[in-house]
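The values are calculated or read from the model by the stated rules, or taken from the named source; none is laboratory data. Given the structure is predicted, the values throughout are model-derived calculations rather than measurements. Quick reminder, even Gly has a Cβ in these numbers, built from the backbone with ideal geometry, and neighbours come from all protein chains shown.
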Amino acid sequence: MRTLKRILVCILLLTAPAFHPNPADSDSRWGERIPGVVISFRPKGNEVALTFDVCGGPRGSRLDRKLVDALSRDRIAATFFATGRWIRSNPDDAALLASCPTFDIQNHGMNHRPASLTGRRAFGIAGTRNRTELLAEVRDAALLIRSLTGRNPRFYRSGTNFYEAAAVALLRENGVQAAGYSVLGDAGATWSARHVKAALLSARPGDIVILHANHPESGTAEGVIGALPEMIARGIRFTTLSDAIPSGRDASTRSVP
Ligand SMILES: [Zn+2]
């Protein structure tokens, strides 16, 4: 009888609905340096990855043509993190980026929202409020990028580059790699050309530099154009994130511990 009771309890336990609270949901760490966010890569030689955010919105919806033309002319490999809202408002500029063979277009979210599961704010911008909103923010921009380039973006940099740890884990479960940076290149397109150039010259192989391509009025283009010849003379080569970090090879990257 006791054995039968045990068997019944086992059956009940095995067939009961499974409620698996996601342990990551309770992980509320918040910021730019969150475990699982890739911030650099293991270089094969002397590669540096230049990344340019194209944020869109009322204060940043233009494309820095001087910067893009210089990168394109010199066949510099570069990764552009574009938002869905920017692609929608600037279809010709988006097509121009997609047409350059050395450019890689990755995901900066549909509406440039910080990656939160609880609506936290960064720099005054409200983050996504739950899992559904975060996944929609990523998916909607990914669909636009796919229709532009024919490829699914693998990397996602949230609006403001702020992440909640639980959000990074959720992204990973859904095959999306959160991408930060190791070198601050233009501080949100606020630095002078001189400052941008100095930041770029501080980059070492394996670094991911974060810059912006949506503020033609800033010092970014001049700083980048000023730094490139010196970087090339030092033996630096440029790479996209897609080339630097093969899919499924987490070991080749350095993320925040
Ligand atoms: Zn941005």
* To do: Please enumerate the residues belonging to region 173-203 that are surrounded by 15 or more Cβ atoms within 10 Å (Cβ to Cβ) and among the hydroxyl-bearing types (S, T, Y).
  => Y181, S182
* Flag if I232 is within 16 Å of the ligand (Cβ to nearest atom) and under 16 Å from I76 (Cβ atoms) -> no
* Is one or more of the residues making up region 237-249 at pLDDT below 95, out of contact with any Asp or Glu (no Cβ under 6 Å at 6 or more places or on another chain) and among the hydroxyl-bearing types (S, T, Y)? -> yes
* Determine, yes or no, whether G226 is within 16 Å of the ligand (Cβ to nearest atom), in contact (Cβ under 8 Å) with a residue 24 or more places away in the chain, surrounded by fewer than 21 Cβ atoms within 10 Å (Cβ to Cβ) and closer than 25 Å to L63 by Cα. => no
* Structure fact -> With criteria (1) touching a Ser or Thr at 6+ places or on another chain (Cβ under 8 Å); (2) part of a loop (DSSP other than H, G, I, E, B); (3) within 16 Å of the ligand (Cβ to nearest atom), G188 comes up short on (1)
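I'm trying to understand the selection: among the residues of region 40-72, which are in a loop (DSSP other than H, G, I, E, B), out of contact with any helix residue (DSSP H, G or I) (no Cβ under 6 Å at 6 or more places or on another chain) and hydrophobic (A, V, I, L, M, F, W, C)?
C55
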* Residue ID - nearest to the ligand (Cβ to nearest atom), chosen from residues in region 197-221 that are over 20 Å from the mean Cα position of the chain (by Cα) and of a type in the set (A, V, I, L, M, F, W, C) -> A221
* Structure fact -> Expected output for region 72-84 (first residue closer than 18 Å to R146 by Cα and aromatic (F, W, Y), partner within 12 Å of the ligand (Cβ to nearest atom) and not in a strand (DSSP E or B), Cβ below 8 Å, 6+ apart or cross-chain) is F80/A213; F81/H108; F81/R157
* Structure fact -> Of (1) out of contact with any Phe, Trp or Tyr (no Cβ under 6 Å at 6 or more places or on another chain); (2) under 19 Å from S218 (Cβ atoms); (3) assigned to a helix (DSSP H, G or I), L97 fails just (1)
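Listed here are the residues, each with its yes/no results for (1) in contact with a helix residue (DSSP H, G or I) (Cβ under 7 Å, 6 or more places away or on another chain); (2) within 14 Å of the ligand (Cβ to nearest atom).
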position: F81; (1), (2): no, yes
position: N90; (1), (2): no, no
position: A98; (1), (2): yes, no
position: G109; (1), (2): yes, yes
position: G127; (1), (2): no, yes
* To do: Give region 105-127 a look and list any residue that's closer than 12 Å to R157 by Cα and assigned to a strand (DSSP E or B), or say none.
  => I105, Q106, N107, A115
* Asked: Which one of the conditions (1) modelled with pLDDT of 50 or more; (2) surrounded by fewer than 17 Cβ atoms within 10 Å (Cβ to Cβ) does F41 fail to meet, given that it meets all the rest?
  -> (2)
* Asked: Which residue pairs have Cβ atoms under 6 Å apart, sit 6 or more places apart or on different chains, and have a first residue in region 150-162 that is in contact (Cβ under 8 Å) with a residue 24 or more places away in the chain and a second that is away from the ligand (no atom under 12 Å from the Cβ) and of a type in the set (V, I, T)?
  -> P153/I145; Y156/V138; Y156/V176
* Out of region 135-163, which residues are charged (D, E, K, R) and more than 15 Å from the ligand (Cβ to nearest atom)? -> R139, D140, R146, R151, R154
* Asked: If you go through region 215-250 one residue at a time, how many are part of a loop (DSSP other than H, G, I, E, B) and closer than 15 Å to A193 by Cα?
  -> 5
* Asked: Of the residues that make up region 50-58, is at least one modelled with pLDDT under 95, surrounded by fewer than 22 Cβ atoms within 10 Å (Cβ to Cβ) and not aromatic (F, W, Y)?
  -> yes
* To do: Determine, yes or no, whether R151 is of a type in the set (K, R) and in a loop (DSSP other than H, G, I, E, B).
  => yes
